[in-house]
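*Asks:* Before we start, here is the structure in question, set down as structure tokens.
The values are calculated or read from the model by the stated rules, or taken from the named source; none is laboratory data. Not measured: the values here are computed from a predicted model. For neighbour counting, all protein chains shown are included, and Cβ atoms are generated from backbone atoms with ideal geometry for every residue, glycine included.
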Amino acid sequence: MKNRFAGSEKMGSEVLIFVLIGSFILQCFCSLISLDIEAKVFYYFSFSVSAFESFLIWTPFSYALLHDGPMHLVMNLIGLFFIGKALESDIGKTNFYWLAGISSFIGALLWLFFNDNGEILIGASAVVMSSLACFCLRNPNQEITLLLFFILPCRLKPKWIILGVLGVEIYGFIFSELQGATGIAHSAHLGGMMSGAFVYSFLKSGRYFPSLVFKSSSRFNNKTTRPSKKNKIKKPNFKVNLSSSTDIQVEVDRILDKINDQGFGALSEKEKHTLEKAKGLLKN
């Protein structure tokens with residue numbers, strides 16, 4: 001019997017990291033082949049006023065896959081690895097994917113509102129900023145250790161981190177971006193932070209984003225039939241006999257699926273207790 005505590009499925013943040021790395025490799029490969037090909041890649045996948053006017057409706061999302069050099073990419077990868085993974089462990093893969101999509105879209109629209117000078121928008125910074133905002137709002141007083149200048153360890157509460165980052169982004173937006181003195185899209189960053197705050201409020205209300213993936217389970221055989229619409233479908237009552245290893249595994253599978261979709265915070269006290277009890281039993 002397979003132990004689901006092993007957890008072989010990759011997190012959404014890890015998938016996004018691999019996609020960003022692969023996209024950058026393809027981007028570099030295109031630039032080596034021909035500058036014309038590179039220009040077409042940026043035209044069809046970066047976000048800009050012309051892309052918006054040309055109804056390239058995928059560009060408010062695809063621009064996040066492109067980066068302006070390796071350092072731009074690395075900074076976003078670091079943010080996704082440390083912040084994105086921590087947030088996804090809390091809210092679940094499905095909610096993280098929704099956060100990434102919403103922040104990419106809102107970041108692009110807010111940037112478009114303040115930039116109409118022929119420039120283009122690229123990079124996944126809006127997704128990183130939304131992850132940071134959502135994580136800090138959900139865990140305002142949970143102290144974390146940061147490496148200042150990548151060397152000096154520094155313990156800070158997330159509520160001070162989000163206030164500091166917000167102040168820097170507002171300053172950069174007013175005194176740099178609006179003045180045309182920088183290539184950093186502070187408006188897109190602020191759009192990402194707004195998206196993170198929205199997702200935080202949405203999840204705090206007890207709601208969850210719908211799953212975008214249809215799952216199949218080996219626990220159901222091919223002879224399973226769809227219930228008739230005329231029949232009233234009762235909500236299953238998950239009461240498990242912990243004396244049976246099969247029942248334990250079925251219940252653990254269900255709870256882990258719930259964590260994967262909605263995050264650990266969605267579990268009831270009874271489900272948390274079941275997990276704790278099952279850990280010791282399944283190790284035997």
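*Asks:* Among the listed residues S89, S130, S125, which satisfies the condition of being buried (at least 23 other Cβ atoms within 10 Å of the Cβ) and out of contact with any Leu (no Cβ under 9 Å at 6 or more places or on another chain)?
*Replies:* Matching residue, one of S89, S130, S125: S125.
*Asks:* Any chance you could count how many residues in region 42-70 are under 16 Å from L20 (Cα atoms), at pLDDT below 95 and of a type in the set (A, V, I, L, M)?
*Replies:* 0
*Asks:* What's the number of the condition A133 fails, among (1) within 19 Å of A108 (Cβ to Cβ); (2) modelled with pLDDT under 95; (3) of a type outside the set (D, E, K, R)?
*Replies:* Here A133 meets the rest and fails (2).
*Asks:* Let me confirm something: among I102, I120, which residue is in contact (Cβ under 8 Å) with a residue 12 or more places away in the chain and surrounded by 21 or more Cβ atoms within 10 Å (Cβ to Cβ)?
*Replies:* I102
*Asks:* Would you kindly identify the helices (runs of 4 or more DSSP H) lying entirely within region 59-112 that contain at least 2 residues that are in the same structural domain as F198 (by TED's automatic domain parsing) and farther than 22 Å from F42 by Cα?
*Replies:* Answer list for region 59-112: 70-79, 85-91.
*Asks:* Take region 35-57 and flag every residue that is free of Cβ contacts under 8 Å to residues at least 12 places away in the same chain and under 24 Å from the mean Cα position of the chain (by Cα).
*Replies:* I57
Quick grid of which residues meet (1) under 20 Å from I78 (Cβ atoms); (2) modelled with pLDDT of 95 or more; (3) not in a loop (DSSP other than H, G, I, E, B):
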site	(1), (2), (3)
P140	no, no, no
T145	yes, no, yes
L163	no, yes, yes
E169	yes, yes, yes
F173	no, yes, yes
Q179	no, no, no
